[in-house]
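Below is one structure, written out as structure tokens; the observations come after it.
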Amino acid sequence: MAASEDRHQPNGAPPTPPGSGGTGSQMESLVAKLLQLADAGVGLGINMISLINTYAQRQMAADPQPPAQAPPQTASPKEPEADRGYCIVNRVPLHPGSAVSVPFSINNEQTDAIRHLRLSVLGFTGTTYGSALPQADFSVDPKEREIGPMDFDRFVLLGTIPGDVPPDLYSGWVLVEGDEEVRIPVMLMVSPPS
């Protein structure tokens, strides 16, 4: 029997007719990626609401007075602009001494160009106490990736929370370099040990 005649599909689906090009499997792949992206988006939205609620409760408990207005910061010309329309946050609770593994995805919304990306992590600073998390303790996996037109890929922020840092909301950045330079805001909520 020729290889082109042996077109068995998983899950008992009928064989793909000759000459169809396997569009069914391409469609299944596209639908699977869309579902993964939707799941990541819903989880991120729920996580952001939880993060903001927890942060607000901590701020109210620590200091019932409204915070003083901070002077506006001016970005140096060399710093890439950040789009505050999105943010990477941890879903799994983090504690001093715990490992960090925060998945996120990046889209290529261009219809005709491949995006060549290099990712790195810029340092984290606590919003309440100003403690810093060592930049060298964090990385992104994979560090480099090509994303095809109208596609996306998953990445993971990896690291370790030092055992001696106070619980706080730590803000940092994932730097995306390539055809353009973008900083993605990252917020890590570190809770007291249980």
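For the condition part of a strand (DSSP E or B), under 15 Å from residue 181 (Cα atoms) and either at pLDDT below 90 or among the hydroxyl-bearing types (Ser, Thr, Tyr) (or both), what is the one hit in 101, 120?
Values: 101 fails: under 15 Å from residue 181 (Cα atoms).
When all the criteria are applied, what remains is 120.
Between a first residue in the stretch 167-194 that is touching a residue at least 60 places away in the same chain (Cβ under 8 Å) and a second residue that is small (Gly, Ala, Ser) and outside any strand (DSSP E or B), which pairs have beta carbons less than 8 Å apart while being 6 or more apart in sequence or on different chains?
From residues that are touching a residue at least 60 places away in the same chain (Cβ under 8 Å), the pairs are 167/191; 179/113; 193/97.
What are the residues in the stretch 135-171 that are farther than 19 Å from residue 120 by Cβ, out of contact with any Gly (no Cβ under 8 Å at 6 or more places or on another chain) and either surrounded by 15 or more Cβ atoms within 10 Å (Cβ to Cβ) or of a type in the set (Lys, Arg) (or both), if any?
151, 152, 167
The values are calculated or read from the model by the stated rules, or taken from the named source; none is laboratory data. If you're wondering where the values come from, they're calculated on a predicted model, not measured in any experiment. Cβ: placed from backbone, ideal geometry, glycine included. Neighbour counts: every protein chain shown.
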